[in-house]
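The structure under discussion appears below in the form of structure tokens.
Where a number appears in this text, it was derived from the coordinates with a stated rule and is not lab data. These numbers come from a predicted model, not from an experiment. For neighbour counting, all protein chains shown are included, and Cβ atoms are generated from backbone atoms with ideal geometry for every residue, glycine included.
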Amino acid sequence: MNIQDEKKYRQTLLENPTNRTTKRIFVAGTRMNEGKTTTCLGLFSAIQSVNPNLGFIKPIGQRFVDVGGNMIDEDTVLFNSTYRISAPIEAMSPVAIDPTLTRRFLDSPESYSPQLIDQMCRGFDRAAFEKDYIIIEGSGHAGVGTVFDMSNAQVAKRLGAKVIIVSSGGIGRPIDEIAMNHALFKEHGVEVIGAILNKVLPEKMDYIRKYGGLGLKRLGIELLGVIPVVKELTAPNMSQILEVTKGRWLNGEKRGKNARVLNVVIGAMTARLITEYFKPGVLVIVPGDREDVLFAAMSSDRFFSEGGVSGLILTRNVLPSPKMMDLLRKTTLPVIICEDESYSVASKINNMTIKTQPEDSDKIPLIQNTIMENIEVDKIFDAFE
């Protein structure tokens, strides 16, 4: 291929990906961690129940794991492990935004831009090959990636996809942010078919559905769903808490590593009073020298058929006495020890952002059911390009 033909080929890719037959929807967010992946997981299940010939792609990814020597976006790994999609995993995660890409791009945009677009379009063609439908997951808000000519709006345009915008629940801020994102998609000639308001308090569902819908209607955007907060979906497990606190296991790792933490209690009270909080789903944070609390936890653990508390975190790196450690090792009670003091540990846990992981088998059915029950699947089907 001569230089002129190469330029023409790359220009064609800039305007049109090869595949124009697979029906596609692009799911974008107003910012990070608004629920794009959760929405895509549930939407995939809903569509798959009607038509199993469905694909997935996350064209631009920023958090990666090594899979067979390829840097694959974490969300793509989650999708592949959940749904066993019949496409090469590297095609579903074609462009990796590593820490140096922006600088490399800005040093030579005329060569990098066509290369990235070519890479993305080839990945899309392979991921969409012989599929009737494909879900495209974006990365953050509409403008993310603009610095290297790969914003969500630009990607949706190049892939010929209509867009669903996902935002956290509320009225004022979410609608303002949806409006800004909508404007950028519109500027690039991309149709937004509607918006989903996520993480809404259950008691405010009707209120948000009514006034959120009215606010979006004034922008010409249809409300496609209101998704409630589901505590289990934002609850960390003990392994994730171990990582964020830089702790280590003292006991009960096998039982505790995937135990879900729904509530956190700081043990700044007597052992008699704290036993009222000893129930499944509770994590107790206590100073390492509070052996009375540790003993009470071991005792109460015997009264729950499914196990007692999710676990304990002993703070300040203070170990129990040798005798207490001997008693502890005879139980399966999950116990972590770390060097921070109690309120620092509680703050770290409270500030955690919990992403669904491939090993979170308990979350997947909950996500699927929650999305199926709270979004207008028929309207989304009708809008597929």
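Picking from Pro52, Val95, Ile221, whose Cα lies most toward the positive end of the charge dipole for the chain (charges on Cβ: Lys, Arg +1; Asp, Glu -1)?
Ile221
When the chain is modelled as a GNM with alpha-carbon springs shorter than 10 Å, which of Gly212, Gly169, Gly256 fluctuates the most?
Most flexible of the set in this elastic network: Gly256.
Quick one: dipole size for the chain, taken about the Cα centre, charges +1 on Lys/Arg Cβ and -1 on Asp/Glu Cβ, in debye to the nearest 20.
That gives a dipole near 380 debye.
Taking the chain as the reference, fit the longest principal axis to its C-alpha atoms, fit the long axis of helix 172-187 to the helix C-alpha atoms, and give the angle between the two in degrees, 0 to 90, nearest 10.
Around 30 degrees separate the two axes.
Which one, Val282, Val77, Val190, has the greatest fluctuation when you compute a Gaussian network model over the chain with C-alpha springs under 10 angstrom?
Between Val282, Val77, Val190, it is Val282 that shows the largest mean-square fluctuation.
Helix-only mean residue ellipticity at 222 nm, the chain, DSSP H runs n ≥ 4 weighted -39,500 (n - 2.57), per residue, nearest 500. What is it?
Numbers: 17 runs with 165 residues, N = 385.
Helix-only estimate at 222 nm: -12500 deg cm²/dmol.
Can you tell me the dipole magnitude for the range 236-350 around its Cα centre, using point charges on the Cβ only (Lys, Arg +1; Asp, Glu -1), in Debye to the nearest 20? Walk me through the numbers on the way to the answer.
Values: 15 positive and 12 negative charges, 61 e Å.
Charge dipole of the range 236-350: 300 debye, to the nearest 20.
Show me, bin by bin at 10 Å from 0, the whole-percent P(r) of the range 19-116 based on Cα pairs.
Bin by bin from 0 Å, the calculated values are 14, 41, 33, 10, 1.
Post the alpha-carbon centroid distance, the range 269-288 to the range 308-385, in whole angstrom.
The range 269-288 and the range 308-385 have Cα centres spaced 17 Å from each other.
Take the Cα atoms of the range 236-350, build their convex hull, and give its volume per residue in Å³. Could you put the intermediate results ahead of the total?
Numbers: hull volume 9.7 nm³, N = 115.
That works out to 85 Å³ per residue.
Straight distance only, please: which lysines reach the Cα of Lys157 with their own Cα at less than 16 Å, same-chain residues fewer than 8 apart left out?
Lys23, Lys58, Lys186
So how tilted is helix 109-127 from the main axis of the chain? Cα-based, degrees 0 to 90, rounded to 10.
Approximately 80 degrees, to the nearest 10.
On a 0 to 90 degree scale, rounded to 10, what angle separates helix 291-301 from the longest Cα axis of the chain?
The angle comes out at about 70 degrees.
Can you give the local net charge around Asn263? Use residues other than it whose beta-carbon is closer than 13 angstrom to its beta-carbon, Lys and Arg +1, Asp and Glu -1.
Once positives and negatives cancel, what remains is +1.
Relative contact order for the chain: what percent, with Cα pairs under 8 Å and sequence separation of 6 or more? Display every interim value, and only then the final one.
Values: 711 pairs, mean separation 70.4, N = 385.
Answer for the chain is 18 percent.
Mind checking the range 103-181 for GluC sites (Glu not before Pro) that DSSP puts in a loop (not H, G, I, E or B) and that have at most 11 other Cβ atoms within 10 Å? Please report the intermediate quantities before stating the final value.
Working: sites: Glu110, Glu130, Glu137, Glu177; in loops: Glu130.
Passing sites in the range 103-181 are Glu130.
Cross-link list Lys199/Lys246; Lys162/Lys355; Lys348/Lys379; Lys199/Lys330; Lys246/Lys330: which exceed 31 angstrom alpha carbon to alpha carbon?
Values: Lys199/Lys246 29 Å; Lys162/Lys355 26 Å; Lys348/Lys379 40 Å; Lys199/Lys330 41 Å; Lys246/Lys330 25 Å.
In this structure, Lys348/Lys379; Lys199/Lys330 exceed 31 Å between Cα atoms.
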